Amino acid sequence: MKEIPVKELTINPMEMIAHRWMLISAGDEKASNTMTASWGGLGSLWGHGGGLPVSTIYVRPQRYTKKFIDEQEYYTISFYPQEFKEKLGYLGSHSGKDEDKVAKVGMKTVIDGKGIWYEGAELVMVCRKLYRSPIVEEWFIDKTIVEDCYPNRDFHDMYVGEITRVLVK
């Protein structure tokens, strides 16, 4: 992987996140976890001179990965070639609390400074947490989203992270 300036990143976030999916990962050399996500965003927020490059991720309270995101200063979002889609499906539907799901799909953990991701990634963004807020039912303007996406009222926490490193294959 080689590091590039975040300004050189040229991707379609809608295609990458919604259709190819991403892994959200956090932890350290002692323990870590990952989850597959198809909701999130990339953009510019706060800061001066155009804002900070940021990612926005959403994690439900019952997800095991949330514990690691909450404990660490950094998380990563990583994207994989299409042939990894079945593995990402498994990683998103099984808990790392119950099994070593990363080993089960044959992926190996990479720990590099403040980031953790998995071999085979085409793109990795290392993100420093800036903000966390719960999604709150009362604040929905379009109430149909609550019924469609939260029938169990297990609302996500939203995290905003400054993209501090971008690594490409």
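The values are calculated or read from the model by the stated rules, or taken from the named source; none is laboratory data. Just so it is clear, the structure is predicted and the values come from calculations on it, not from any experiment. Here the Cβ is made from the backbone with ideal geometry for all residues, glycine too, and neighbour counts use every protein chain on show. SASA here: full protein model, heavy atoms, side chains in, ligands and nucleic acids out. Shrake-Rupley method; radii C 1.70, N 1.55, O 1.52, S 1.80 Å.
For the range 150-169, a residue qualifies if it is loosely packed, with under 14 Cβ neighbours inside 10 Å and hydrophobic (A, V, I, L, M, F, W, C), but none of them does. Would you pick out the residues in the range 127-156 that are in contact (Cβ under 8 Å) with a residue 40 or more places away in the chain and more than 17 Å from LEU45 (Cβ to Cβ)? Across the range 127-156, the qualifying residues are ILE135, ASP154, PHE155, HIS156.
For LYS97, the requirement of being closer than 16 Å to ILE24 by Cα and loosely packed, with under 14 Cβ neighbours inside 10 Å is met.
In this entry, LYS129 passes the filter for residues that are over 22 Å from ARG20 (Cα atoms) and open to solvent by 30 Å² or more (accessible area, probe 1.4 Å).
Out of curiosity, is LYS143 at pLDDT below 95 and open to solvent by 70 Å² or more (accessible area, probe 1.4 Å)?
Taking the combined requirement at face value, the residue does not satisfy it.
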